[in-house]
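Enquirer: Sharing a structure, written as structure tokens. Questions coming.
The values are calculated or read from the model by the stated rules, or taken from the named source; none is laboratory data. None of the values given here were measured: they were computed from a predicted structure. Backbone-built Cβ (ideal geometry, glycine too); neighbour counts: all protein chains shown. Just so you know, the surface numbers come from the protein's heavy atoms only, side chains and all, with ligands and any DNA or RNA stripped out. Shrake-Rupley method; radii C 1.70, N 1.55, O 1.52, S 1.80 Å.
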Amino acid sequence: MTCDDVRPRLLDYQRGRLPLPAQAEVRTHLDACADCGRAEAVEQELTSVLEHRLPQYPASLALKRRLAAEWPARGVERSWWSRWRPALVPALAAASVVLVVTPILYYERATSRAASERTSLVAEAVNDHLRVLSSQHPLDIESGGFHQVKPWFEGRLDFAPVVAFEGDAEFPLRGGAVGYFRDRKAAVFVYARRLHPISLLVFRAEGLAWPTRELTRIGSVEAYTTAERGFNVIMWRTRELGYALVSDVDVRDLRQLAARMAGGQ
Ligand SMILES: [Zn+2]
């Protein structure tokens, strides 16, 4: 199996849902490939976040009373339940997963607001990148080139994302998607460096507490470079727009890409 075979199977592999031979092949590849090993760790981390940090919503007393009143008490109806139980329980479980998972984006945002502003901007950028990595279909538009991706955003955003770099052989553009950065929409451009995805988030900069210290010049902008949870992050702003580059590629590679993006601005 190649890296491209392994990546889309990671979640199924962790859940033990692959046929046995495939399960063993993925295991063998993960033992040998550091990049995929890291991708697997990210997947694991996301799973644990989803499982452990979700808020629980207990049913209200009124709802419990209503359920108790409506609950079938007679033997006949209990047997109806036991007959349908095997089919209904998985469906009910699936429905409750949807109810619990849906609020996670809002929950994540609410907790990050409590953290320091600068840290939370970085955390948000990394989270957005993780969402791209973990999504089954991360890209709303697959790239046939910049001339397809850029116009695709028209009408989907409340601003025009200005990006000076169209992708090249070293950093090809893979596609784009609409995401969110805090309370606002963001254009997500996904580039790659070999097998490593790189997210560029572009969003309206106003109202965000941008880092003002420890900035370094990249191209024509003052950029803030940091690392979080194994990902390198470079952020900068022009007058109206904020930019965040996130990837697990080497920080020197990421700075090279930032320079290509910020050079002409
Ligand atoms: Zn690999």
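Enquirer: Under the condition of being in contact with a Leu (Cβ under 9 Å, 6 or more places away or on another chain) and among the acidic types (Asp, Glu), which residue from region 1-31 is most open to solvent (accessible area, probe 1.4 Å)?
Expert: 4
Yes/no per residue for (1) in contact with a Phe, Trp or Tyr (Cβ under 7 Å, 6 or more places away or on another chain); (2) in the same structural domain as residue 162 (by TED's automatic domain parsing); (3) more than 23 Å from residue 135 (Cβ to Cβ):
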residue: 191; (1), (2), (3): yes, yes, no
residue: 197; (1), (2), (3): no, yes, no
residue: 202; (1), (2), (3): yes, yes, no
residue: 211; (1), (2), (3): yes, yes, yes
residue: 223; (1), (2), (3): yes, yes, yes
residue: 228; (1), (2), (3): no, yes, no
residue: 231; (1), (2), (3): no, yes, no
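Enquirer: When you look at residue 31, is it of a type in the set (Asp, Glu) and modelled with pLDDT of 90 or more, yes or no?
Expert: Values: of a type in the set (Asp, Glu): yes; modelled with pLDDT of 90 or more: yes.
So residue 31 fits the description; yes.
Enquirer: Pairs please, first residue from region 4-23 and more than 15 Å from residue 133 (Cα to Cα), second anywhere and surrounded by fewer than 10 Cβ atoms within 10 Å (Cβ to Cβ) and modelled with pLDDT under 90, Cβ atoms under 9 Å, 6+ apart in sequence or on different chains.
Expert: Note: pairs meeting the criteria are 23/16.
Enquirer: Of everything in region 194-208, what is away from the ligand (no atom under 16 Å from the Cβ) and among the hydrophobic types (A, V, I, L, M, F, W, C)? Give them in sequence order.
Expert: If the condition is that a residue be away from the ligand (no atom under 16 Å from the Cβ) and among the hydrophobic types (A, V, I, L, M, F, W, C), then 198, 200, 201, 202, 203, 205, 208 are the ones that fit.
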